Every structure is written in structure tokens, then in C-alpha cells.
1. Using r as the Cβ-Cβ distance of A:W54 and A:K3, and R0 as 22 Å, what FRET efficiency do you calculate, to the nearest 0.05?
2. Assigning unit charges at the beta carbon (Lys, Arg +1; Asp, Glu -1) and nothing else, what dipole magnitude in debye, to the nearest 20, does chain A show about its Cα centre?
3. Taking a probe of 1.4 angstrom, what is the accessible area of A:K4 in Å², to the nearest 10?
4. Among A:G181, A:G164, A:P200, which residue has its Cα positioned farthest towards the positive end of the charge dipole of chain A, with +1 placed on the Cβ of Lys and Arg, -1 on the Cβ of Asp and Glu, and the dipole taken about the Cα centre?
5. Kindly compute the accessible surface that chains A and B hide from a 1.4 Å probe when together, both sides summed, and give it to the nearest 100 Å².
6. Just to check, using Stokes-Einstein with a Kirkwood Rh over alpha carbon pairs, what's the diffusion coefficient of the protein assembly as shown at 25 °C and 0.890 mPa s in µm²/s?
7. How far, in degrees from 0 to 90, does helix B:236-249 lean away from the longest principal axis of the Cα atoms of chain B, to the nearest 10?
8. Taking 0.36 nm per intervening residue step and subtracting the Cα-Cα distance, what contour gain separates A:R143 from A:V80 on full extension?
Number of protein chains: 2
Amino acid sequence: MEKKLTRDKVFYAFSTDLEPVMRVAQGEEFVLETHDCFAGQLKSEKDLLDGLDWDRVNPATGPVFIDNVNPGDVLRVDLVKVKVVGQSTMVTLPGEGVLGDKIAQMETVILKYQDNHVVFRDKISIPMAPMVGVIGVAPAEGRIPNGEPAAHGGNMDCTLITEGVSVYFTANVPGALFGCGDFHAVMGDGEIVICGAETPGEIRLKAQVIPELKGLATPFIETSDLFAAVASAGTLDQASSDATHNMADLLTQFASLSINDAGLLMSLVGHLKVCQVVDPQKTARFEFPKWVLKEYGFQMPR
Amino acid sequence: MEKKLTRDKVFYAFSTDLEPVMRVAQGEEFVLETHDCFAGQLKSEKDLLDGLDWDRVNPATGPVFIDNVNPGDVLRVDLVKVKVVGQSTMVTLPGEGVLGDKIAQMETVILKYQDNHVVFRDKISIPMAPMVGVIGVAPAEGRIPNGEPAAHGGNMDCTLITEGVSVYFTANVPGALFGCGDFHAVMGDGEIVICGAETPGEIRLKAQVIPELKGLATPFIETSDLFAAVASAGTLDQASSDATHNMADLLTQFASLSINDAGLLMSLVGHLKVCQVVDPQKTARFEFPKWVLKEYGFQMPR
């Protein structure tokens, strides 16, 4: 019988003391239904943000206890299948986001789905590119609201986190206490007005400890053709420096390049990119192509 | 007879009082040979940065006086043809760049060209993607060393600035006093160790005032499929905010979108990206797809 959580099984902060609502074995597939970031509170364009219950934003479905995971273990989470359902919601809020100084009118906009496109104002039809905004594990201590990104994951809003990708996390508690939510049907890097196409969805996952990766700086992403180190901090400058250092650690400590070769190649073929700048913690990623590390004999242990 | 400047015709700071070395008509093609950012001082891997004459870095070829350009005019500069010649040079310098805290050894690395690839350490063969690091016009006042990016252009190190692209600048002085140099055979976004594949090159250009664009926030880039607003500031956070606001200005003031529609679409299909973080002024760009503005009836006046 398939293991599945419906979207009423949510939590609003990653923390060490959450009660798991499901237990899975390593490598076992499981399915999570997810809410949009407003927990479905905005049902039409008449529902504005000033009526929102802010205690119910950024729900993540879970937490899921993964068997035989111990603190310090690096966990590879595979996003086997990601889909969005229903419709998308976007909002503007004066004072919030990068253009908050310009935006004067609070507004809710509903975007319908049509033939794998998201339709904006019945005018602009945008190809869907579903992604997962909030994804993570319990932090080492305390309680981190799901709206915040940090070393445990959380609201990274990284456009790379989509179907077919693996995301690596370091477990801080037994079982890791995994959860995710806040899908976007499509979103640009930066998420500059504070939202993408916010949508409910469903995701199929599996998770497995990779012993050889103990010590990897996480969160870390692997796609079919690149690696990405993700870091969040109070400024984009700091998040960028952290993500760059974390990628340099992979290249020197795991792929055994000299620091000079790592730096020069990162300057040549690596890309420093923006995930989001509005959470208000900022998130950056450093992308590096897998083919270059293959030439140095490095592949991720599976 | 073709108008061409050889690479001995360089200047090291954009300023209002430069003497033009060539005069061209609007729309007239001209060719500039360019030095690498070290003015060719590093000829082999034995030439280290500690022997460099720092008064001769980031040369730009020019300045070129463009006829009938007046202060306040927006100038479209078309990069008709960009090629690199010779070989590329890369350097590491302890204390400099994002990994300056990790890099202990000063080094110069020469990269040869082979079949449109740049070869690193005789091991990694990287497809060439030639781009222009320094490009700009005289500033409104004073003297800005070519190593610095600002509103006049300068050392933006933006990977979009390549063959086939148009770059828009606002002239601050009669004739604009245009120049460029500091090509890279390939470079990643961020330029994290302070250099790309630094190379001499040659560029074919033409320039033209676009009266309908007066007031456009520049520097601004147009490629075959996107627009990009470029901004530089002391922090990446500030540069990102400025680039985002400049793109919002295009969408609202020139393409006539409401600020809410502009912001929502920028959040959905726009991308905030990093150009460079090491100059030490930081440069960011905001990219927006042209096809979306076409749906709103907007195209760049030609």
C-alpha cells in the first residue's frame, strides 16, 4: 500500500520536536500532497492578503521520519515526480518585495492552467515549470518558521528544485523529519514581488543516506547536468560568498582539485545565481557543470 | 576605407576630458582591436601579478567620438562581430576574489585555443563564448578607472555582452566618447576569482541614437530574445534592487504596463542574475523575455 500524506498533514515550522506523521524506509517511495503557500486561504481574486491568517502560511506536508537516519548523516532526497494541481495565486503587497516602494495596490490574481501553461490575465500564456519552494529537514536546534531559508533547507525558492533532481540535506535529528510544500507552477529567479505562481501540488519522493558524503556542505542540489550549492543569509552578498565557498569545498574536499584549480574553473564555467531576495533572508546558489568534474574522475557516490 | 583602431590606442579611465582618437558617423561600422585586461603584460606562466604595472590594467580601445550625439541621448551600440585572438590568461591572487581567504598561491595560467575551445591545464576543453568585459561611454563628470562599473558602463563583466547583442548607453558628453576592451574567451557569472579567460580580441561595432528611448535607465542590453537592465553598486543587494527597478521602469514607462502587472510578470518570468562580485563594485542584471512584451504590443524602437 502506497505511503501518502494528504495536504491536511502540515506543519508551519521546522523543529527538533515535531511529531512525525509518517515513517518510511530508505529508498522507499512516498507521496505528499501539498498546499499552496497560503494554505488555500485565497480562493478568488476577492480574497486579499489583509484577510489572511498569517499563522497559516508556507505549510509543509510532513514531517516524515526516515528510518535509520542519524544526526550528521547526509541524506539524498530524490524528487521522482512533481506535479501541480488546481490553480495558481499571485499577490501584490505595498511595501513588500523589491518593488514594494512602487506598488501601491494590494491585489490577488488567479492564474488558470491550460495545456501545461499558466495563464496570466487571460493574456500571457507561460510554459509551466513546476518547482518546490519549501523543502527541508529539522534544524539542529530550535524552531525555524517555514518561510525562512537556512542550512536545514526551508524556503529556498530555488528554481532548480524540480522533478528529476536530487537535493542533499544533513540530518540533525534521528529520522531527519523531512517535509516540503509551497510549490510554484512557474517562477523567475529572484521572486522579486514575494511570490511565484503559488500552487497546490503533489510530489513523489524517496530518500537515502549517502555515507561517503558525510561533511558535504548542504543544502546541495544535483540535476542531470550540474551541481549547485545553496546558501541563505541576511544579505545576498553573504549568501553568495557562502554558496561559493560551499561549492569550493565540494571541488577540493570531495573531487580533490587544488584550491587554485577549483577557483579558476569556478570563475570560468561556474555560475553564481540568485534564488530569492524577498524572504527576507536571501538565497544564492553556485552552479558547477558535472562534465568538468567527470574529467577529474569525480562522480557523486550513489 | 574601414575605420579601425589598433590596440595601442587605449585609455585607462572613462572621463569627460578624453581626446577622441577616431570619429564615426551614426550607423557607420568601425573596428576596435583590444588588449587583454593586463595590456598583454603577462606573456607566460612565469609572469606573475606581483610584477604587473597596475597603472596599465583594463585598457579600453578608443575613445571614439560618434557624430551628432548630445548629452542625454540614448545610444544603441550594436556588437556586429566579436572575436578573440592569441591566448587567454588567468590569475590567482591571495586575498582577492570571493575565495581570496582560501587561495594561498599566486599563479598565472595560460589557456590555448583549439577548435573554438579554450583549453585549461591541457585537460579541460571549454567551448568558447567570447564576451566584452569593459564597455562604456564618458561619465557625466570626473574620471572613472576602467576597472569600475557604474551608470556609464565600464567593467560590468556581463556574460550577455557578446556578438549580435545591442547595448544601450546614455551619452553624457558630445560624441559620447565610447570605448571597450577586456574581452573574455569564456567566463562564468560571478567571475569569482577576479578573472575570466582574459584575452585580446577584435570587435566590429556601430552606434546610433534612438530618440524614442530618451530617459531609458542605462546600461541596458537587448539580445535576440531578452532585455536586461544592468546596475552596479557597493553591494550585490543594492545592485540587484537597482537593476530590478530599472527593468520595472522599462515595463511601466516604455511598455505601458501597470506597476502591478510589471511586478507580477517580473516575478514569474523575469530573472535576477549576477554579473560579477569582484570589481569590487558588484554588478547585477535583471532579464525579461521579449516575447511577453510583444504580447503587450511593445518592441524596441529601431
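1. 0.10
2. Roughly 540 debye for chain A.
3. 90
4. A:G164
5. Counting both chains, the buried surface is close to 4800 Å².
6. Stokes-Einstein gives a translational diffusion coefficient of 98 µm²/s.
7. 30
8. Gain in length upon complete extension: 19.8 nm.
The values are calculated or read from the model by the stated rules, or taken from the named source; none is laboratory data. Note that this is a predicted model, so its numbers are computed, not measured. In this analysis, Cβ positions are derived from the backbone assuming ideal geometry, glycine residues included, and neighbour counts consider all displayed protein chains. Note: accessible area is taken over every heavy atom of the protein model, side chains too, but ligands, DNA and RNA are not part of it. Shrake-Rupley method; radii C 1.70, N 1.55, O 1.52, S 1.80 Å.
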